[in-house]
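Note sheet for the following structure.
The values are calculated or read from the model by the stated rules, or taken from the named source; none is laboratory data. Quantities reported herein were computed from a predicted structural model and do not represent experimental measurements. Virtual Cβ from ideal backbone geometry, glycine too; neighbours counted across all protein chains shown. For accessibility, only protein heavy atoms count, side chains too; no ligands or nucleic acids. Shrake-Rupley method; radii C 1.70, N 1.55, O 1.52, S 1.80 Å.
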Amino acid sequence: MAFEELKERQAAMWGNGPFERISETSTLAHDDVVDRLAPEPGERWLDVACGTGGVAFRAARRGADVTGVDLAPALAERARELAAEPGLEVRIDVGDCEQLPYGNADFDVVSSSFGVMFAPDHKRAAHELGRVCRPGGRLGLVTWRPDGGVGRMLETLQPFQPPPPEGAGSPLVWGEEDYVEQLLGTEFELEFSQGDVPLEAESGQQVWELFSTSFGPVKTLNETLAAERRDSFERAFVDFHESFRTNGGIRVPREYLLTIGRRR
């Protein structure tokens, strides 16, 4: 499968379900990256792979002139609806983070929260982050750690998924400092820190109900599997989350890497 075909499938997959329910489980990480980037009134801010607006809306509330862009038309449309409810002025575009529809140095701040890491061509995506950010501008990325809870959760999906096309990068390597330095260190002065946004629930079954109805990759995979495989997938997913049972509930640590950069 060529990357263009893969991205068409990704656009449909990520838009399959009310993603804002999933985004709400990561609000601490959204707060973290926006606080570190410290938006100022009138700054031109681009949130890449914006989903349903978790970071974009926070930056807009603090006075930035925000554009969000996402590959999935359904997510972009939902973000527009959510922005309209409180009257937030946020522009939301449909676009590919490997070929952003903006000019060179158009933005003062560029961010992505658990988004750009899923682009299959890492070098192209990294190049675009640098291209659209002005000299002296700021970059903020939040990416899942490969050895963290989300990295381990994604491993439970792998036996049920078709293999990725040859050459497609693993999203989880964006959670490694050395790798991000290789991708972005030429164009940005980088600093790294770590955080955790735990997922809490009453049971593994409750987590399954949330993700199988609202998280596009899990929902889509479940819908495409034969009945017997669906049962096995659900059991593996529930069992994984039940392995984090503590004090009568589920608490899954979800460690992330926060990358803050200054454009050279």
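Scanning the range 77-104 for residues that are closer than 20 Å to R44 by Cα and free of Cβ contacts under 8 Å to residues at least 24 places away in the same chain yields R80, A84, G87. Take the residues in the range 232-248 that are modelled with pLDDT of 95 or more and part of a loop (DSSP other than H, G, I, E, B), then tell me which one is most open to solvent (accessible area, probe 1.4 Å). Looking at residues that are modelled with pLDDT of 95 or more and part of a loop (DSSP other than H, G, I, E, B), I get S243.
Yes or no: G115 buried (at least 21 other Cβ atoms within 10 Å of the Cβ), over 25 Å from V197 (Cβ atoms) and not aromatic (F, W, Y)?
Details: buried (at least 21 other Cβ atoms within 10 Å of the Cβ): yes; over 25 Å from V197 (Cβ atoms): no; not aromatic (F, W, Y): yes.
In short, no.
Restricting attention to the range 185-200, does a residue exist that is over 27 Å from E20 (Cβ atoms) and open to solvent by less than 30 Å² (accessible area, probe 1.4 Å)? Scanning the range 185-200, I find at least one residue that is over 27 Å from E20 (Cβ atoms) and open to solvent by less than 30 Å² (accessible area, probe 1.4 Å), so the answer is yes. Does the range 166-218 hold any residues that are touching a helix residue (DSSP H, G or I) at 6+ places or on another chain (Cβ under 6 Å), in a strand (DSSP E or B) and not aliphatic (A, V, I, L, M), and which are they? Correct list: F192, G195. The residues on offer are R264, R229, R251, and the sole one that is farther than 30 Å from G137 by Cα, charged (D, E, K, R) and either loosely packed, with under 14 Cβ neighbours inside 10 Å or under 21 Å from the mean Cα position of the chain (by Cα) (or both) is R251.
State all residues of the range 202-226 that are open to solvent by 20 Å² or more (accessible area, probe 1.4 Å), in contact with a strand residue (DSSP E or B) (Cβ under 8 Å, 6 or more places away or on another chain), farther than 26 Å from K7 by Cα and not acidic (D, E); if no residue qualifies, say none. Across the range 202-226, the qualifying residues are S203, Q206.
Among all positions in the range 69-91, there is at least one residue which is within 27 Å of R263 (Cβ to Cβ) and among the basic types (K, R). On the basis of being touching a residue at least 12 places away in the same chain (Cβ under 8 Å) and either assigned to a loop (DSSP other than H, G, I, E, B) or touching a His at 6+ places or on another chain (Cβ under 8 Å) (or both), does D108 make the cut? The answer is no for D108.
Of the helices (runs of 4 or more DSSP H) lying entirely inside the range 1-66, the ones with 2 or more residues being open to solvent by less than 20 Å² (accessible area, probe 1.4 Å) and touching a strand residue (DSSP E or B) at 6+ places or on another chain (Cβ under 6 Å) are found at 27-37, 54-61. I need the full set of residues from the range 118-140 which are farther than 16 Å from L71 by Cβ and either open to solvent by 10 Å² or more (accessible area, probe 1.4 Å) or without any contact (Cβ under 8 Å) to a residue 12 or more places away in the chain (or both), in order please. Within the range 118-140, K123, H127, R131, R134, P135, G136, R138 qualify.
Given the residues P159, P146, which is the only one that is of a type outside the set (S, T, Y), more than 15 Å from the chain's Cα centre (by Cα) and surrounded by fewer than 21 Cβ atoms within 10 Å (Cβ to Cβ)? Steps first, please.
Values: P146 fails: more than 15 Å from the chain's Cα centre (by Cα).
Exactly one residue qualifies, and that residue is P159.
Summed over the range 58-73, residues that are over 17 Å from V116 (Cα atoms) and touching a residue at least 40 places away in the same chain (Cβ under 8 Å) total 2.
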